[in-house]
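Some notes on the structure that comes next.
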Amino acid sequence: MSKDLITILLIAPLIGFLINGLFGKWLKNISGGIASLAVLISFIISAFFVFPAVRGGDALKETLYEWIPIESFAIGFHVDALTTVMLLVITGVGFLIHIYSIGYMNHDPGRTRYFAYLNLFVFAMLILVLANNYLMMFIGWEGVGLCSYLLIGFWFERKSATDAGKKAFIVNRIGDFGFLLGMFTLFAAFGTLNFDTLFGRAESNTYEQVFGASTLIVATLLLFVGAVGKSAQIPLYVWLPDAMEGPTPVSALIHAATMVTAGVYMVARSSILFNLAHTGVVVAWVGVLTALFAATMALAANDIKRVLAYSTVSQLGYMFVGVGVGAYTSGIFHLMTHAFFKGLMFLTAGSVMHAMSDELDMRKMGGLRSKLPITYWTFLIGALAIAGFPFLSGFWSKDEILHNAWDSGYQVIFGIGLLTAFLTAFYMFRLIFVVFHGESRVDSEVESHLHESPPVMWIPLVLLAIPSLIIGVIVGWGGEHSAIHNFLGSVFTHHGESHHSNPIPFMIISSIVGIAGILVAWLIYRSKTPLSEPISPVHKLLANKYYIDEIYNAVFVQPIRGISYYLFWKIMDIGIIDGLVNLTAFVLRGIGGLIRRMQTGVVQAYVVSMVIGIIIFLGYYLFIR
């Protein structure tokens, strides 16, 4: 029965993709409903797997069939508490975003293609988290990358969208190459890619040391390269801000709630390997530096979606700090809470854009609180949650990560994380005060049409706001004895996560820091807008994103383009390949020219040629042969 349920859970969005993809021409008016129903079916089935996990039962392991007659190359599923959390996030948040998209994409002529891509993404993401081996995980990993490319460049008539899609695709290929090398290393060392077999051999130290004593270190760091690309960490974070060129619900689902968390999930799933290799310190440092770096860029951004994009990069850094210091449950806890409040904020940003005729520049907004009340209050809830306001969802998960960093001996990481928390509260409430408060800077023509979004759009906002308010206290109350720790305890039992110090001081410090960020933003932006911000060298540096894109362009893109131009095009393509083709044509044309000269049309000449040919033929057989 369980095997059948998993199969239905997985193929429901695939069927939705096929229906909209093949018959969308005739189903434009109901394509959103078909796609939403497919994800709802998956969500309902996902909920069935919560109860066995709560009871602490063994993981459900099913093999559908052998792909290649080798143990690690089977198509199979591994469903435990960690998988269940991911399933609920993907299908639950995904369903609400599908519903929201019905209203948001209502007048778009390509909406059936949009919903087909969205269902395909959910299918690929489900493969990724259900996989019982790294090869099947990689199939889903590449699938979500493909869907991300398709959805970022959905409005392909715009050059900025197609450029952003290509940028995401290429940057992710760099990370994916590291993931592939990591898989190759694991297979060479363990002879399998199956999770259970591989982890068991790693713990018992029965594997080939391909790189000597550093085999696990090399393998886990290569896997982490894949996570850096997929989850937009330094130095491969540059694709995510540009990915905002896609439709806003795409940003909410793929680039906030699900796909970008795949790297965090992969590290958590591989926790045994990272613990044995002691490479978590690298994960934690990359995470905390990314968190701080992205937060500083958000301070000077004026595009409402890019502020949220930098915030996503920063929050992903927090998740990597959690899994890096060994607090895997805390990292997954923040992954879950972040899915709710960041998905909520992206959708509310879409609601603002819907009312503002797709305007993104915060400097052209202001005073929207009274015009968009539901959007304002739901966005405020999401902003308070991410700012770590006491007792909201982000407060619990972020505080756990910082607490574990301190208790694990990473006091510097704790300090940087605390500074980032202050910056997060500051830039999120900078956004709120500039967009929703103060005097209106909206164009008069646009202002005359300002209105709240239709129910099909604001109902998902309210439904996402509820867990953003209460999910933290429901599953996070009690620290290491909380519901989320008990739920995931069977997955991370080997790691002994525990707090050694009193959590109350950390909760107080986190609260003070978050509230201080909000107050500073209020003091600065209650009357001032980005239009009046001083253009200092630091502000200019932040507004230009530290010129990282320009540096990458100068150091990598242009040299590679130059090498490609001269070596591969001028020399290889034109010089050698085209040269050989042209030489063949020249030789054949020369031979044809000679033969053409022999075709004179004079019968006597043909008779002479025949006689000469007969004489040569007879001479050869009579005298030479």
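The values are calculated or read from the model by the stated rules, or taken from the named source; none is laboratory data. If you're wondering where the values come from, they're calculated on a predicted model, not measured in any experiment. With ideal geometry, Cβ positions are generated from the backbone for all residues, glycine too; neighbour counts draw on all protein chains shown. Ligands, DNA and RNA are stripped out before the accessible areas are found, and what is left, the full protein with its side chains, is counted by its heavy atoms. Shrake-Rupley method; radii C 1.70, N 1.55, O 1.52, S 1.80 Å.
So here's what we get for this one:
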| item | result |
| --- | --- |
| Computed magnitude of the charge dipole of the chain (debye, nearest 20; Cβ of K, R +1, Cβ of D, E -1) | 1560 |
| Partners for K3 among lysines (Cα-Cα distance below 18 Å; same-chain residues under 8 apart left out) | K61 |
| Average projection area in nm² (convex hull over Cα atoms of segment 101-149, one quarter of hull surface) | 3.5 |
| Student exercise, segment 153-302 dipole from Lys, Arg, Asp, Glu Cβ charges, in Debye to nearest 20 | 180 |
| Calculated from backbone phi, Karplus (6.51, -1.76, 1.60) coupling profile of segment 326-337 in Hz, x at Gly/Pro | x, 8, 5, 5, 5, x, 5, 4, 5, 4, 5, 5 |
| Given charges at Cβ of Lys, Arg, Asp, Glu: the chain dipole, positive-most of V218, V442, V603 | V603 |
| Helix-only CD estimate at 222 nm, as mean residue ellipticity for the chain, using -39500 (n - 2.57) per DSSP H run (n ≥ 4) | -21500 deg cm²/dmol |
| Built amide H within the under 5 Å cut-off of L64, gap 5+ | I75, G76, F77 |
| Relative contact order (%) - the chain, alpha-carbon pairs under 8 angstrom, separation at least six | 12 |
| Rounded percent of accessible protein surface that carbon and sulfur make up, segment 525-621, 1.4 Å probe | 73 |
| Dipole of the chain, positive direction: furthest Cα of A161, L588, I563, with charges on the beta-carbon | L588 |
| 3J(HN,Hα) from dihedral phi, segment 289-299, Karplus parametrisation 6.51/-1.76/1.60, rounded to Hz, x for glycine, proline | 5, 5, 4, 5, 4, 5, 5, 5, 5, 5, 4 |
| Derived scalar couplings ³J(HN,Hα) [segment 477-489; Karplus, 6.51 cos²θ - 1.76 cosθ + 1.60; whole Hz; x for Gly, Pro] | 5, x, x, 6, 9, 6, 4, 5, 6, 5, 5, 8, x |
| Loop-located trypsin sites (Lys or Arg not before Pro) in segment 26-119, at most 15 other Cβ atoms within 10 Å (DSSP) | K28, R55 |
| Net dipole in debye of segment 50-168 [+1 Lys, Arg Cβ; -1 Asp, Glu Cβ; about Cα centre; nearest 20] | 500 |
| I470/W377 FRET efficiency (R0 22 Å; Cβ-Cβ; nearest 0.05) | 0.90 |
